[in-house]
1. Expected output is a single nm value to one decimal: the length gained when fully extending between Ala31 and Ser50, i.e. 0.36 nm times separation in residues minus the C-alpha distance. What is it?
2. Would you work out if the chain is rounded, prolate or oblate? Take a ≥ b ≥ c from the square roots of the eigenvalues of the alpha-carbon gyration tensor; rounded if a/c is under 1.5, else prolate when a/b is larger than b/c, oblate otherwise.
3. Tell me, how many Å apart are the Cα centres for the stretch 47-100 and for the stretch 12-46?
4. Can you compute the helix-only [θ] at 222 nm over the chain? Use -39500 (n - 2.57) per DSSP H run of at least 4 residues, normalise by all residues, nearest 500 deg cm²/dmol.
5. How do Leu49, Leu130, Leu78 line up, fewest other C-beta atoms within 10 Å first?
6. Which value in nm describes the separation of the simple spin-label points at Glu98 and Glu73, placed 7 Å from the Cα toward the beta carbon?
7. Could you check which residue among Ala115, Ala51, Ala142 shows the biggest mean-square fluctuation in a GNM of the chain with a 10 Å Cα cutoff?
8. Work out how much length Gln144 to Asn91 would gain on full extension: take 0.36 nm times their residue separation and subtract the Cα-Cα distance, in nm to one decimal.
Amino acid sequence: MSEENNIPSNAPVFQIQRMYLKDLSLEQPNAPQILLEQTQPQVDINLALSAEPVAEGVFEVCVTGTVTTKVGERTLFLIEAKQAGIFEIRNVPQEQVEGILGIVCPQMIYPYLRAIVSDVCTRAGFPPVLLTEVNFQAMFEAQQAQREAAASPTLN
C-alpha cells in the first residue's frame, strides 16, 4: 500500500494526463468564386477513432472529424480536426481497457472536437457546423460485432 494516500499499488487507475488539438486544417480550394454562389451546400461528416500505446499503461486516443461541404461537385470548404488525449490506464483487465479506449476516452474528447469544428467554421466566415452527439458505445459494439463476424468461419 502507498503510505501517502492509502491506495493499494495494484488498484485500478484511469486518469487524463492531457487533452490537446493534434492537427487542424481548413481548405477553401474554390474561394473566392464559390463564395458568391447562393446554392445550399451539402455537408458530409466523417469520424474516425484511434488509440495507440505511448508508454506502459499510457495511451493516446484521437478522435478525427472531417467535414466536407460541397456546392454541386465543387468543394466549398473542408475541415479536418484531430483532437487527442493522453490517458493513464493501469491495473485494469485487458477486455475492459478496450472499452475504455473505444468508449470512455472518445466521449471525453468529442466535446472539444465539436467546439473546434464549430469555431473554425465561424472564423472561416461560414455558419457553424454542429456535430451531432455520438453514441460511442454503439459504435464500439458494432465494430466488435464486425470483428467477430470477420473472424468466424462462414458456411457455404
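FYI, it's all coordinate maths here, none of it is from the lab. All figures in this text were calculated on a predicted structure; none of them were measured in a lab. As a convention, Cβ positions derive from the backbone with ideal geometry for all residues, glycine included, and neighbour counts pool all protein chains shown.
1. Working: separation 19, 0.36 × 19 = 6.84 nm, distance 3.23 nm.
So the chain would gain 3.6 nm between Ala31 and Ser50.
2. oblate
3. Between the Cα centre of the stretch 47-100 and that of the stretch 12-46, the gap is 14 Å.
4. Numbers: 3 runs with 41 residues, N = 156.
Roughly -8500 deg cm²/dmol at 222 nm, from the helical runs in the chain.
5. Listed from fewest to most nearby Cβ atoms, that is Leu130, Leu78, Leu49.
6. 4.3
7. Ranking Ala115, Ala51, Ala142 by mean-square fluctuation puts Ala142 first.
8. 16.8 nm
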